[in-house]
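The structure appears right after this line, and notes come after that.
Quick note: the coordinates plus some simple rules give every number you see, no bench work behind them. Source: prediction; values computed, not measured. Glycine gets a Cβ as well: all are built from the backbone with ideal geometry, and neighbour counts include every protein chain shown.
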Amino acid sequence: MSNTCDETRCNGDCASCGGDVTVTLTLDDDSTIECGIIGIFDADNREYIALLPLDENGTNSDGEVYLYRYQKDAAGNPQLENIDSDEEYEIASDAFDELLDSMEYDELVSEENLN
């Protein structure tokens, strides 16, 4: 996992730091895909991460998002784990929807303050 986040400006929500935050995932077939980090969020006493797969131009045209369990090891290195059950995925997905709603709200409030 590579992270180009400016941790001096980071408040724990990777979407808010303004940096170019990406991770490179190695898939089961050993291919790799670059993903933008949408955010890290809590749900049901666990942390999750939402990743946006990017094409060779650094864009995502289909809106697909990957959700993973997120934690840091003893050395502070990020670790991603697959979500194994439908129930856990539903919990993470609902929390991600709430994160998106709050990001949209924050964006609307910021736009109103500029006007």
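Overview of values
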read-out: Computed lengthening from Asp29 to Ser61, 0.36 nm per intervening residue step minus Cα-Cα distance; value: 9.2 nm
read-out: More than 13 Å apart - percent of Cα-Cα pairs taken over the range 37-79; value: 60
read-out: Net charge of Cβ neighbours under 9 Å - reference Ile91; Lys, Arg +1; Asp, Glu -1; value: -4
read-out: By average C-beta atoms within 10 angstrom, highest first, the peptides 61-68, 28-35; value: 61-68, 28-35
read-out: Environment charge of Asn45, counting only residues whose C-beta is closer than 12 Å and scoring Lys/Arg +1, Asp/Glu -1; value: -2
